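The values are calculated or read from the model by the stated rules, or taken from the named source; none is laboratory data. Since we're looking at a predicted model, the values are computed, not measured. In this analysis, Cβ positions are derived from the backbone assuming ideal geometry, glycine residues included, and neighbour counts consider all displayed protein chains.
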Amino acid sequence: MKYDALIINIGELLPMDQAGPVKGAAMNRLKVITDAALAIKEGKVAWIGKTKDAVSLDAEKTIDAENKLVTPGLVEAHTHLVFGGSREKEMALKQQGVDYLEILKQGGGILSTVRATREAAFEELYDKACFHLDRMLMYGMTTVEAKSGYGLNRDTELKQLEVVKALNEKHPIDLVSTFLGAHAIPPEYKDDPQAFLEEMQSLFPKIKEKRLAEFVDIFTETGVFTVEQSRGFLLAAQDAGFQVKIHADEIDTLGGTELAAEIGAISAEHLAVTSDEGVKQLAASDTIGVILPGTSFYLGKDTYARAREMIDGGAAIAVSTDFNPGSSVTENLQLIMSIAALKLKLSPAEIWHAVTVNAAHAINRGDAAGTLAIGRNADVVIWDAPNHLYIPYHFGVNHVNTVFKNGKIVFERQRIC
């Protein structure tokens with residue numbers, strides 16, 4: 001057999017090929033293949049072994065990894081990719097101690113982005129989101145979840161979802177779409193949030209018919225939607241054929257994590273202030289906790305999700321950027337990996353599971369992304385790093401050397417010297 005590409009002299013290869021999601025103590029057990037080689041054929045991983053055994057293989061192209069680290073493409077399980085405008089002026093308010101809910105009351109925060117997103121044309125949103133996706137690709141992400149939620153009306157929510165669908169057809173990154181129409185209460189419904197939820201729920205048939213989203217999400221929080229409202233909305237989404245996610249316990253401890261476990265949500269996300277009972281129920285469930293430490297970091301909070309306790313209790317954890325214009329303005333998942341080490345006290349092995357196989361399962365891509373195994377998509381990253389410990393250790397920069405998507409090189413670092 002003649003392979004399309006052969007990567008040799010891999011210092012460390014992380015196949016991440018455990019059956020996932022990986023839970024509890026297993027997250028700290030990392031399979032590492034040293035002096036490895038990997039062959040690609042027709043966009044798939046076709047062979048994995050030692051470099052010494054690769055000398056007899058025939059390939060169109062042979063790439064010397066020069067003893068660098070090689071892993072699956074990173075999987076980003078929580079972003080708010082499509083939005084209009086930006087909110088850099090709010091940073092000064094945050095520095096003065098004005099919290100998010102107060103900024104929201106002043107018409108800032110998400111409502112500022114909602115106005116800009118409603119006013120933006122499809123092409124403007126597409127181009128802006130594509131710019132951010134390009135950056136994510138350069139940082140090693142090959143599969144990305146994208147939520148709507150900055151329309152808060154029928155037309156704009158559908159416009160956001162249509163942008164994600166169009167990008168998924170054109171961009172190398174695989175996009176997974178989530179309908180987050182219940183992201184906030186728009187001013188026109190401030191006195192009747194239940195009517196707004198019913199308006200968003202009325203979109204389920206059209207979203208399903210046009211295949212605009214796989215998941216439905218809701219923001220369960222003080223001043224937004226209660227646990228009971230969220231339960232009704234998410235159960236209706238499940239009845240309509242969607243899998244569900246939930247923004248849970250980000251600011252106040254309301255019980256969103258417990259709700260996620262109760263209804264079998266694929267993920268509970270944020271979890272910065274989850275209760276003892278929530279930690280316990282998450283660990284006992286199949287729901288994946290998607291932890292977003294960049295949000296606590298950016299907002300200057302001392303409170304971070306209890307990811308250490310969640311894993312020690314037996315939960316499956318993913319770590320993501322929460323890329324959005326207000327509370328985590330970064331496309332750099334590598335930076336978030338460092339914050340996960342420093343603030344969540346996760347080990348490098350746990351972090352690698354959290355940004356590959358577990359993140360893939362959190363968006364129902366466990367059979368396609370986050371793993372390097374024979375027959376799986378050849379989404380591969382060669383890193384300018386000698387080992388897997390180095391990425392969270394050396395923070396704030398881009399360590400990517402080369403990104404393969406479905407076996408094709410889609411990004412290469414340009415050397416200056």
**Asked** Does A318 satisfy the condition of being part of a loop (DSSP other than H, G, I, E, B), modelled with pLDDT of 95 or more and surrounded by 24 or more Cβ atoms within 10 Å (Cβ to Cβ)?
**Response** no
**Complete:** Per the filter on segment 263-286, residues crowded, with 17+ Cβ neighbours inside 10 Å and of a type in the set (D, E, K, R) are E269, K280
**Fill in**
Here the residues within segment 301-344 that are on the phi > 0 side of the Ramachandran plot and not acidic (D, E) are G314
**Asked** Filtering segment 174-208 down to residues that are assigned to a helix (DSSP H, G or I) and aliphatic (A, V, I, L, M), which residue is nearest to V410 (Cα to Cα)?
**Response** I207
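Listed here are the residues, each with its yes/no results for (1) in contact with a helix residue (DSSP H, G or I) (Cβ under 8 Å, 6 or more places away or on another chain); (2) free of Cβ contacts under 8 Å to residues at least 40 places away in the same chain; (3) β-branched (V, I, T).
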| residue | (1), (2), (3) |
| --- | --- |
| F215 | no, no, no |
| E258 | yes, yes, no |
| L282 | yes, yes, no |
| S285 | yes, yes, no |
| I291 | yes, no, yes |
**Request:** List the helices (runs of 4 or more DSSP H) that sit entirely inside segment 336-417 and contain at least 2 residues that are more than 20 Å from the chain's Cα centre (by Cα) and of a type in the set (F, W, Y).
**Result:** 390-393
**Message:** With the requirement that a residue be surrounded by fewer than 20 Cβ atoms within 10 Å (Cβ to Cβ) and over 26 Å from the mean Cα position of the chain (by Cα), what does segment 64-88 give you?
**Reply:** D64, E66, N67
**Item:** Residue, surrounded by the fewest Cβ atoms within 10 Å (Cβ to Cβ), within segment 223-248, restricted to residues that are in a helix (DSSP H, G or I) and under 24 Å from the mean Cα position of the chain (by Cα)
**Value:** L235
**Among the residues listed as V273, V244, the single one being out of contact with any helix residue (DSSP H, G or I) (no Cβ under 9 Å at 6 or more places or on another chain), among the aliphatic types (A, V, I, L, M) and free of Cβ contacts under 8 Å to residues at least 60 places away in the same chain** = V273
**Request:** Kindly list, by first and then second residue, each pair from a residue in segment 33-59 that is at pLDDT 95 or above to a residue that is polar (S, T, N, Q), limited to pairs with Cβ atoms under 6 Å and residues at least 6 apart or on different chains.
**Result:** D35/T51; A37/T51; G43/N406; T51/N9
**Message:** Any residue that is buried (at least 21 other Cβ atoms within 10 Å of the Cβ), under 22 Å from A362 (Cα atoms) and not hydroxyl-bearing (S, T, Y) - is there at least one of those in segment 182-197?
**Reply:** yes
**Prompt:** Does A25 count as outside any loop (DSSP other than H, G, I, E, B), of a type outside the set (S, T, Y) and surrounded by fewer than 18 Cβ atoms within 10 Å (Cβ to Cβ)?
**Reply:** yes
